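A short write-up of the structure that comes next.
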């Protein structure tokens, strides 16, 4: 690995020396040294530029997955593009829980920190782009995922850009897609999610500001059952339909982005949820949510504030609960002390308030810190510490802590680079005092110590 990384620098030095040898009689030793130093600095700068570009691409892929057709001036890739995300490994449980999780959490076990605390799965996408004679760029995308040992069709859509003369960057799409699912990395939380099928437009330019608008529907779930059929005794059918249509829960989603407030970047979200006649009688509800994201980036890192309010819903207006209001707010970021020493962090708050069923009302408080040290381009050591408290309005509270030490092997230096191999140990303790009190159970304190090995990659 070291030989590969230093090759561009070596070649640059050789080239400089070769040029110098042809005219050696015209240069002093000091001049030669200066030329060589300049060549080395240039090669190192170019290498760092490529690494930074890869890091920027990673952020886009994780938080806002893009289609094959990204801009009107892009070069169409040859053949089919294969991309996605996956993590698989073995996780040995020696304590009370396989994963450290506090009862009542807004996001399961990941809310206390995902490192060494997450299961297996992946998402695998095939994309094909086309460019017509009139300059329009089309793409077709299909994705399957594997979570909980189930395989599902998550994407099947087509889109086109550079078809509106007044708005060439606008991307018009229809079909089934991951939709409006902004994600936080360190707690693996989709603080909004409206995956489904429908149609919309992205990146519609309004005076330098980008606007996204879509109408989408939640996908009908398939409940497989073996049906009695003399002609086909093993026939399997799906209760309620084929599982490929809409289940009756709809959302109108919108996003305004590309706004600058001095050194700050601003995003605004507004969503409205409603039901069709596929949802019977009194079960039909309406819901809405609004949110903003303010972020600031510099050479040392990034900081981001997220705030979301939802009425009759939580993180999705598909799933509605009467008289429910939720608030989610967080502060997250990363800081680079040096190229080798970095840290990521998150403070999160979640308020769940149902005026009809008050027994489940609760507030979540969480903090996660992840200091990282990169020994070289290959090896790194990460330490993640997390604490979470769930305060119920009635019955007390639950709380817990988690600590994970992970030794990693990755393709390059930095937390954004994958593929990565991780060898970790995780310890923690959860005190579910409120759960035990309400349910009358004795196991209120759960101890954890787990060992594991995992690979992770986005590609």
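The values are calculated or read from the model by the stated rules, or taken from the named source; none is laboratory data. Please read all numbers here as calculations on a predicted model, not as lab measurements. Note that we place each Cβ from the backbone using ideal geometry, even for glycine, and neighbour counts take in every protein chain shown.
Does residue 277 count as in contact with a strand residue (DSSP E or B) (Cβ under 8 Å, 6 or more places away or on another chain), in the same structural domain as residue 351 (by TED's automatic domain parsing) and closer than 30 Å to residue 343 by Cα? Steps first, answer last, please.
Numbers: in contact with a strand residue (DSSP E or B) (Cβ under 8 Å, 6 or more places away or on another chain): yes; in the same structural domain as residue 351 (by TED's automatic domain parsing): yes; closer than 30 Å to residue 343 by Cα: no.
So residue 277 fails the test.
Residue 94 versus (1) under 24 Å from residue 370 (Cβ atoms); (2) surrounded by 15 or more Cβ atoms within 10 Å (Cβ to Cβ): which is the lone unmet condition?
In the conditions (1) under 24 Å from residue 370 (Cβ atoms); (2) surrounded by 15 or more Cβ atoms within 10 Å (Cβ to Cβ), residue 94 misses (2) alone.
For residue 286, indicate whether it is in the same structural domain as residue 410 (by TED's automatic domain parsing), loosely packed, with under 15 Cβ neighbours inside 10 Å and without any contact (Cβ under 8 Å) to a residue 60 or more places away in the chain.
Working: in the same structural domain as residue 410 (by TED's automatic domain parsing): yes; loosely packed, with under 15 Cβ neighbours inside 10 Å: yes; without any contact (Cβ under 8 Å) to a residue 60 or more places away in the chain: yes.
Criteria met by residue 286.
Among the residues that make up segment 309-330, is at least one of them under 14 Å from residue 267 (Cβ atoms) and surrounded by fewer than 19 Cβ atoms within 10 Å (Cβ to Cβ)?
no
Within segment 433-449, which residues are in contact with a helix residue (DSSP H, G or I) (Cβ under 8 Å, 6 or more places away or on another chain) and either assigned to a strand (DSSP E or B) or free of Cβ contacts under 8 Å to residues at least 24 places away in the same chain (or both)?
Across segment 433-449, the qualifying residues are 441, 442, 444.
Residue 193 fails exactly one of the following numbered conditions: (1) at pLDDT 90 or above; (2) assigned to a strand (DSSP E or B). What is the number of that condition?
(2)
If I ask for residues that are surrounded by fewer than 16 Cβ atoms within 10 Å (Cβ to Cβ) and either under 20 Å from the mean Cα position of the chain (by Cα) or touching a residue at least 40 places away in the same chain (Cβ under 8 Å) (or both), which ones from segment 349-358 would you list?
The one that is surrounded by fewer than 16 Cβ atoms within 10 Å (Cβ to Cβ) and either under 20 Å from the mean Cα position of the chain (by Cα) or touching a residue at least 40 places away in the same chain (Cβ under 8 Å) (or both): 349.
Within segment 375-394, track down each residue that is in contact with a helix residue (DSSP H, G or I) (Cβ under 9 Å, 6 or more places away or on another chain) and either assigned to a strand (DSSP E or B) or in contact (Cβ under 8 Å) with a residue 40 or more places away in the chain (or both). Talk me through it step by step, then tell me what you get.
So in segment 375-394, the residues in contact with a helix residue (DSSP H, G or I) (Cβ under 9 Å, 6 or more places away or on another chain) come out as 376-378, 386-388, 390-394.
Scanning segment 375-394 gives 376, 377, 378, 386, 387, 388, 390, 391, 392.
Here is a list: 346, 403. Which entry is assigned to a strand (DSSP E or B) and over 20 Å from the mean Cα position of the chain (by Cα)? Even if it seems obvious, please write down each step before you answer.
Details: 346 fails: over 20 Å from the mean Cα position of the chain (by Cα).
After ruling out the rest, the residue left standing is 403.
Inspect all residues belonging to segment 361-374 and state whether any of them is in contact (Cβ under 8 Å) with a residue 60 or more places away in the chain and either loosely packed, with under 15 Cβ neighbours inside 10 Å or farther than 17 Å from residue 112 by Cα (or both).
Applying the first criterion (in contact (Cβ under 8 Å) with a residue 60 or more places away in the chain) to segment 361-374 yields 362, 364, 366, 368, 370.
Now drop any that are not either loosely packed, with under 15 Cβ neighbours inside 10 Å or farther than 17 Å from residue 112 by Cα (or both), which leaves none.
Within segment 361-374, none of the residues are in contact (Cβ under 8 Å) with a residue 60 or more places away in the chain and either loosely packed, with under 15 Cβ neighbours inside 10 Å or farther than 17 Å from residue 112 by Cα (or both).
So if I check each of 89, 113, which one is modelled with pLDDT of 95 or more and within 15 Å of the chain's Cα centre (by Cα)? Even if it seems obvious, please write down each step before you answer.
Details: 89 fails: within 15 Å of the chain's Cα centre (by Cα).
From the options 89, 113, the qualifying one is 113.
So, residue 256, is that one closer than 23 Å to residue 311 by Cα, at pLDDT 90 or above and surrounded by 12 or more Cβ atoms within 10 Å (Cβ to Cβ) or not? Step through it out loud before you land on a result.
Details: closer than 23 Å to residue 311 by Cα: yes; at pLDDT 90 or above: yes; surrounded by 12 or more Cβ atoms within 10 Å (Cβ to Cβ): yes.
It is true that residue 256 is closer than 23 Å to residue 311 by Cα, at pLDDT 90 or above and surrounded by 12 or more Cβ atoms within 10 Å (Cβ to Cβ).
How many residues are at pLDDT below 90, in a strand (DSSP E or B) and surrounded by 13 or more Cβ atoms within 10 Å (Cβ to Cβ) if we restrict to segment 213-253? Give the steps one after another, and end with the answer.
Within segment 213-253, the first condition is being at pLDDT below 90, and the residues that meet it are 220-247.
Restricting the remaining residues to those that are in a strand (DSSP E or B) gives 224-226, 236-238, 246-247.
Adding the requirement that they be surrounded by 13 or more Cβ atoms within 10 Å (Cβ to Cβ) leaves 237-238, 246-247.
Residues flagged as at pLDDT below 90, in a strand (DSSP E or B) and surrounded by 13 or more Cβ atoms within 10 Å (Cβ to Cβ) within segment 213-253 amount to 4.
Could you say whether any residue in segment 208-216 is in contact with a helix residue (DSSP H, G or I) (Cβ under 7 Å, 6 or more places away or on another chain) and on the phi > 0 side of the Ramachandran plot?
No, segment 208-216 contains no residue that is in contact with a helix residue (DSSP H, G or I) (Cβ under 7 Å, 6 or more places away or on another chain) and on the phi > 0 side of the Ramachandran plot.
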